[in-house]
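Let me begin by presenting the structure, written as C-alpha cells, before commenting on it.
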Amino acid sequence: MPLASTIRLQVESALARKIPSALTPAPRLIRPQIPTGLAELDELSGGGLPLGALTELVGAECTGRTSVALSFLAQVTEANKVCAWVDSANAFDPASAAAIGVDLDRLLWIRCADVAEASTKTTKAVTLPQKYFIPGSPKKGLHGGGFGPHPRTEIRGLSEAMAGLFTGETPLPKPVEPSATKRNRLASGESIPSIPFTRRKRRARHYDAIERALRTTDLLLQTGGFSAIVLDLAGIAPQYVARIELSTWHRYRVAAEKTQACILLLTQYPCAKSGSELQLRLLEAEPILEAHTVFSGMRPRIEIVRQRFLQAASNVVSMRKPPQAARTASWQSRTPWAGAQ
Amino acid sequence: MNSGELYACLLVREFPAQALLRLRPELREKPCVILDGEPPAETVCSLNTRARLLGVQRGMTKVEVDTFGSITILPRSRSVEAAAKTALLECAGAHSPRVELQEEENVFLCCLDITGTEALFGPPEVLAKTLRQRVALLGLSAQVAVSGNFHASILLAKGLPARTAIVVVPSGAESMALAPLSLSVLAISEAHAETLSRWGIRTLGMLAALPRTDLIARLGQDGKRLQQMATGTMPHLFQPIDVPFVLEETAELDYPLDNLESLLFGVAVMLEQLIVRAAMRVYALAAVTVELHLDGGGTHCRTVSPRVPTNDRHLWLKLLHLDLEAHPAGAPISKVCLHAEPGVTSKVQLGLFSPQLPESGRLDVTLARIAALVGDDNVGRAVLDDTHTSPGFHMEPFAVPSGSSTTKVSRTAYGCLRRVCPPERLSITLDCGRPSGFFFRGHRYTVRHAYGPWLAGGEWWNERIWGQEQWDLIAQGDDETTLYGCVHQDFVQKSWLLVGLYD
C-alpha cells in the first residue's frame with residue numbers, strides 16, 4: 001500500500017499538464033499593509049490596507065469613503081511615493097485633499113467625465129445625465145417584482161437589476177406624413193428655408209466615463225510605479241457599476257500583485273466580488289453637532305465585510321468558540337475649520 | 001608659413017544629391033539624379049554613383065535622363081541642403097572651434113583649424129578618421145585632407161580620387177603631395193588655362209617647376225598666386241565662422257501625404273539624425289517641434305516635450321505618434337520640419353531604499369495615451385490657486401518630483417468635500433431666510449441643521465463679477481438617508497446650486 005503522499009505525487013504528476021499542483025493548496029499570502037492614518041480603522045483591519053491587492057470601499061453618498069481614501073493617500077505621499085486618482089465623475093476636490101495632507105505634486109489626477117462643457121459657467125448641459133446618479137427604484141410587482149406567473153419563477157433581485165434599464169424616455173415615433181404646416185407651405189408655393197447642416201456632438205453615453213476610468217487604470221497598472229491607485233466610482237449609481245465585467249477586477253488584482261500597487265475602489269455597490277482582498281462597508285454617518293455656527297463634521301462608521309488571508313493569532317484550534325474581533329469601527333471626521341476636539 | 005599650423009579640409013562631393021538622399025536611405029541603392037532649374041529647362045546638377053555608372057552626366061536635360069529609364073529623379077531642395085550644411089558645420093565645430101566655410105557649387109567644403117588638437121583628438125590621422133565617421137553617422141560620405149597649409153589641404157581634398165577617403169600630408173611635404181594633381185583643382189581663368197595648356201603644363205608639379213620671375217612676367221600676379229598654391233606655400237588669413245548649433249531637419253515630400261503612419265516613417269529617420277547630432281555633444285532632446293506644411297498653404301505645428309530629456313528614438317516616435325493622432329493636421333502634408341531643443345542628459349540616482357516610482361519614459365507614453373483618451377486638460381496634477389472663486393485650482397502637467405515631500409499630514413481633519421460637477425441646481429424652500437428643505441435627485445430633503453451664510457464675492461469691477469453665499473446643510477431625506485451638502489446661492493444668476501457633498 002503506497003503512502004498517501006506518494007499517491008498525491010503520482011496524481012499531481014499525471015495532472016501536471018492540465019492542472020498544475022492539483023492537490024496542493026495554494027500558499028497563504030500575508031501581504032504588507034499601509035496604514036490609513038485613521039487609528040480606529042488601522043486597528044480594525046490589522047494594520048491598514050493591503051499592498052499589492054484590491055481594496056473595496058463600499059458605501060452610499062456622504063458616508064465618508066472619500067475621507068478614508070484621502071487619508072490613506074496622505075500617508076502614501078508622505079513616504080515620497082506617487083499615487084493616482086482616477087475620477088469618473090470629476091468629484092475630487094484638491095482643496096480638501098491638501099487640507100488632509102495629500103501632497104498634490106505626487107498625485108496624478110485623471111478626470112474621466114467630460115468637463116469641457118461643464119467648466120463654462122454659461123453652459124447648463126450636464127455631461128453625465130442626472131439619472132446616472134440616482135439608484136433605480138425596484139418595481140412593485142405582485143411576486144417579487146418580476147410579474148411572473150408564480151414566485152418560484154422569479155429570480156431574487158432581478159427587478160433591482162433591471163431597474164434603471166427602462167428609465168430612459170422612449171422617443172415617440174415620428175409621423176411619416178409631412179406635417180400640416182409643411183404641407184400648407186408647399187401648397188401655397190412658399191419656399192422652405194433650408195436648414196444648415198451642423199454636426200452634432202455625440203451625446204455622452206452612460207458607460208463612457210466608467211469605460212475611460214477602467215482603461216486609464218489599466219494603463220496606469222501597466223506603467224507601474226504608482227504605489228496607490230484610487231478608482232473613484234463613488235458617484236456612479238449601482239446599476240451602472242454592476243455592469244463592469246468581473247474579469248476586469250481579476251485583471252486588476254493580478255496586475256496589482258505584480259506591480260505591488262494598492263488599488264482602492266470607491267463604489268456604492270460591491271462589484272469586485274472575489275477580486276477584492278479587503279472589502280469595507282461604510283454605514284450611515286452620524287453628524288457631529290458641536291458648534292452652532294459651523295459644520296463640524298461627521299462620525300463615519302465602517303465594518304469589514306470581507307478580508308482574505310487574515311493571519312490567525314495562533315495555530316491552535318480552540319475547542320470553544322474563540323472571542324470574536326470587533327467588525328466595526330467609528331471615528332470623527334472633522335472639517336478642517338472645526339479644529340481639534 | 002608657420003610650421004605649427006595644421007588644417008583639415010572636409011569635402012562632401014555631390015552635395016545636393018547626398019543631402020537629399022541622407023533622409024531617404026531607401027533610395028541610396030538606386031540611381032538618382034537631382035534636377036535644378038526652371039521647368040522645362042531643368043538640367044542635372046548632381047547625381048549619385050549608380051547614376052554615373054549608368055552614364056548620366058551633369059548638365060543633361062530631363063528628357064535625356066528619361067531615356068535611361070529606372071532612374072529616380074528628384075528636384076533640388078535648398079532647404080534640405082541648408083539643413084544638411086548646418087549639420088555638417090556643427091559636426092566640424094565639434095572638432096575645432098575655428099571653422100571656415102568655402103562656398104562652392106555642388107560640393108560642401110569647409111576647413112578646420114586643427115592646430116593644437118592632438119592632445120584632445122590624437123594625431124591628425126585619428127582626427128580625420130573620427131571626423132569622417134561622424135559625418136558618416138549623418139548619412140553623408142566625405143573626404144578629409146590634412147595639411148600644414150590651408151590652400152594645400154583644399155587642393156588635396158579636391159584632387160583626391162573617389163576611393164581614397166583620407167590623406168594626411170606631413171608639414172613641408174605639401175609640394176610633393178600636390179605635384180601629381182591635375183590643374184583642374186585650381187580655380188584658373190579660361191585664358192590662363194589655355195596659356196598653360198599651350199605650354200604643356202598639366203599638373204601642379206609642372207606649374208611649380210616653372211621659373212617664378214618668368215611666370216610673373218607672362219601671367220602677372222595671378223601667376224605668382226597659382227605657383228604659390230601649387231607649391232603649397234600660399235598664405236591665408238583664416239576667417240572663422242560662428243558655428244551654429246541648431247537641431248533642425250527638413251524634408252520635402254514627393255507628393256502630399258495624409259497618412260500618419262507613412263509620415264512617421266520619414267519622421268523616424270529625421271529624428272534619428274537629430275538624436276545623433278544631440279548625442280555628439282552629450283545632449284539629449286528636451287522638446288521636439290513638428291512643423292507640418294499643409295497642401296493648402298497652412299501650417300500645423302505641434303510640440304512634444306517629455307518630462308525628462310531623452311534620446312530614446314522609440315519613445316519619441318511613440319509620443320509624436322500619440323500627439324499627432326490626438327491633434328491631426330486636417331489636410332495633406334507636403335513638407336515636414338523637425339526642430340529640437342537640446343537638454344541635459346537625465347541622470348537618475350537609484351537607491352536600494354528609495355520608493356518605487358514610475359519610469360519617466362513609460363510614464364510619458366502612458367500620460368500621452370491617457371490624454372488621448374480623456375483630453376489634455378484632464379490629466380495632470382492639481383495646483384491650488386490663491387482665490388475664493390470656484391473651482392480654485394488649475395491643472396499642470398504631471399512630473400514625478402525628485403525631492404522629499406514637504407506637505408504635513410493632518411492628524412485631526414479628515415472631513416472632505418466631493419464636488420458635484422457641474423453643480424446641480426436645487427429648488428430650495430426658505431424659512432426666515434434659512435434653507436429648510438429642497439429637492440435633490442428625485443428625493444425631498446428636510447434640513448435639520450443649516451450653517452451659514454458665508455458670503456463671498458469679487459471682481460465687481462469687471463464683467464466677471466461673482467458673488468455667492470455658502471450654506472452647509474445636514475438634511476434628512478424622505479428615504480431616511482442623511483445628506484451633508486455644501487450649497488451656494490449664486491447672486492449673479494439668482495439660483496441655488498449644490499456644489500458638493502461632504503463624504
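I'd like the GluC sites (Glu not before Pro) in region A:243-341 restricted to DSSP loop residues with at most 10 other Cβ atoms within 10 Å, sorted by number.
For GluC sites (Glu not before Pro) across region A:243-341 that sit outside H, G, I, E and B with at most 10 neighbouring Cβ atoms in 10 Å, the list reads A:GLU245.
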Mean 1/r over all different Cα pairs, inverted: what Kirkwood radius does region B:417-502 give, in Å?
13.2
Taking each residue in A:70-80, count the Cβ atoms of any other chain within 10 Å of its Cβ, then average. What number comes out?
4
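Give me the accessible area buried between chains A and B, both sides summed, with a 1.4 Å probe, in Å² rounded to the nearest 100.
6300
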Contour minus Cα-Cα span, B:THR289 to B:THR406, at 0.36 nm per residue, comes to 38.6 nm
To the nearest 20 Debye, how big is the dipole of the protein assembly as shown about its Cα centre, given +1 on the beta carbon of each Lys and Arg and -1 on that of each Asp and Glu?
2600
Cβ-Cβ cut-off under 11 Å around A:LEU70, Lys and Arg +1, Asp and Glu -1: the net charge is -1
Send over a whole-number figure in Å² for the accessible area per residue of the protein assembly as shown, probe 1.4 Å.
52
By how many nm would the segment from B:GLN57 to B:MET280 grow when fully extended, if each residue of separation counts as 0.36 nm and the alpha-carbon distance is taken off?
76.6 nm
Give me a single rounded figure for A:288-300: the average over its residues of other chain Cβ atoms within 10 Å of their Cβ.
4
Surface share of carbon and sulfur [accessible, 1.4 angstrom probe, percent] for the protein assembly as shown:
55
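Only loop residues by DSSP count here, and only those with at most 13 other Cβ atoms within 10 Å; note down the trypsin sites (Lys or Arg not before Pro) in region B:128-196 that meet that. All intermediate terms of the calculation are to be shown ahead of the outcome.
On the way: sites: B:LYS129, B:ARG132, B:ARG134, B:LYS158, B:ARG163; in loops: B:ARG163.
Those satisfying the criteria are B:ARG163.
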Could you tell me which of the pairs B:LYS129/B:LYS158; A:LYS81/A:LYS258; B:LYS85/B:LYS158; B:LYS30/B:LYS62 are separated by over 20 angstrom between their Cα atoms in the structure shown?
none
Charge tally for neighbours of B:PHE108 with beta carbon under 9 Å away, counting Lys, Arg as +1 and Asp, Glu as -1, is 0
Quick check: Cα centre of region A:230-273 to Cα centre of region B:138-159, how many Å?
69
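Given Cβ point charges of +1 (Lys, Arg) and -1 (Asp, Glu) and nothing else, what value in debye, to the nearest 20, does the dipole of region B:417-502 about its Cα centre take?
Roughly 80 debye, rounded to the nearest 20.
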Under 8 Å for C-alpha pairs, at least 6 residues apart: give me the relative contact order for region A:1-86, rounded to a whole percent.
21
Rh (Kirkwood; distinct C-alpha pairs) - the protein assembly as shown, Å
34.1
So, in nm, how far is label B:PHE68 from label B:VAL492 when the simple model puts each one 7 Å beyond its Cα toward the Cβ?
7.2
Extent along principal axes [Cα atoms of chain B; Å; largest to smallest]:
121, 54, 48
Region A:246-341: equivalent-ellipsoid semi-axes (sqrt of 5 x gyration tensor eigenvalues, Cα, Å):
32, 23, 12
Assign unit charges at the C-beta atoms only (+1 for Lys and Arg, -1 for Asp and Glu), then state the dipole size of region B:170-321 relative to its Cα centre in Debye, rounded to the nearest 20.
760
At a temperature of 4 °C and a viscosity of 1.567 mPa s, determine how fast region B:34-92 diffuses translationally according to Stokes-Einstein, using the Kirkwood radius over alpha-carbon pairs as Rh; express D in µm²/s, rounded to the nearest whole number.
103
The protein assembly as shown: antiparallel DSSP beta bridges as a percent of all, rounded to 5:
75
For region B:417-502 the mean separation of alpha carbon contacts under 8 Å (6+ apart) over residue count, i.e. relative contact order in percent, is 30
Karplus ³J(HN,Hα) for region B:281-298 (6.51 cos²θ - 1.76 cosθ + 1.60, θ = phi - 60°; Hz, whole; x = Gly/Pro) runs 9, 6, 10, 10, 7, 9, 8, 10, 10, 9, 10, 9, 8, 8, 5, x, x, x
Applying a 10 Å radius around every beta-carbon, put B:58-70, B:29-41 in order of their mean neighbour count, most first.
B:29-41, B:58-70
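Using just the Cα positions, wrap region A:1-95 in a convex hull and report its mean projected area in square nanometres, one decimal place.
Values: hull surface 44.2 nm².
Answer in nm², one decimal: 11.1.
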Note to self: Kirkwood Rh of region B:7-231, Cα pairs, one decimal, Å, is 19.0
May I ask you to evaluate 6.51 cos²θ - 1.76 cosθ + 1.60, the Karplus curve with θ = phi - 60°, for each residue of region B:491-497 and list the ³J(HN,Hα) values in order in whole Hz, giving x for glycine and proline?
6, 6, 8, 6, 8, 9, 10
What does the net charge come to around B:PRO256 if you take all other residues with beta carbon closer than 10 Å to its beta carbon, with K and R at +1 and D and E at -1?
-2
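If the viscosity is 0.692 mPa s and the temperature 37 °C, what translational diffusion coefficient in µm²/s does Stokes-Einstein give for region B:339-392 when Rh comes from Kirkwood over Cα pairs?
This corresponds to a translational diffusion coefficient of 220 µm²/s.
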DSSP loop (so not H, G, I, E, B), at most 13 other Cβ within 10 Å: list which trypsin sites (Lys or Arg not before Pro) in region B:440-503 pass both filters.
B:ARG464, B:LYS494
By a straight-distance test (C-alpha under 12 Å), which aspartates and glutamates pair with B:LYS494 as possible cross-link partners, with residues fewer than eight away in the same chain excluded?
B:GLU469
Please give the FRET efficiency for B:THR195 paired with B:ASP254, using the beta carbon to beta carbon distance and R0 = 41 Å, rounded to the nearest 0.05.
0.30
Lys/Arg Cβ at +1, Asp/Glu Cβ at -1, dipole of the protein assembly as shown taken about the Cα centre: which of A:THR259, B:LEU127, B:ILE275 is farthest positive-ward?
A:THR259
Ellipsoid equivalent to region B:164-226 - semi-axes via the Cα gyration tensor, in Å
23, 14, 10
Percent relative contact order for chain B, counting Cα pairs under 8 Å at least six residues apart, stands at 10
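The values are calculated or read from the model by the stated rules, or taken from the named source; none is laboratory data. Not measured: the values here are computed from a predicted model. For neighbour counting, all protein chains shown are included, and Cβ atoms are generated from backbone atoms with ideal geometry for every residue, glycine included. Each accessible area value is taken on the protein alone, full model and side chains, heavy atoms only, with ligands, DNA and RNA left out. Shrake-Rupley method; radii C 1.70, N 1.55, O 1.52, S 1.80 Å.
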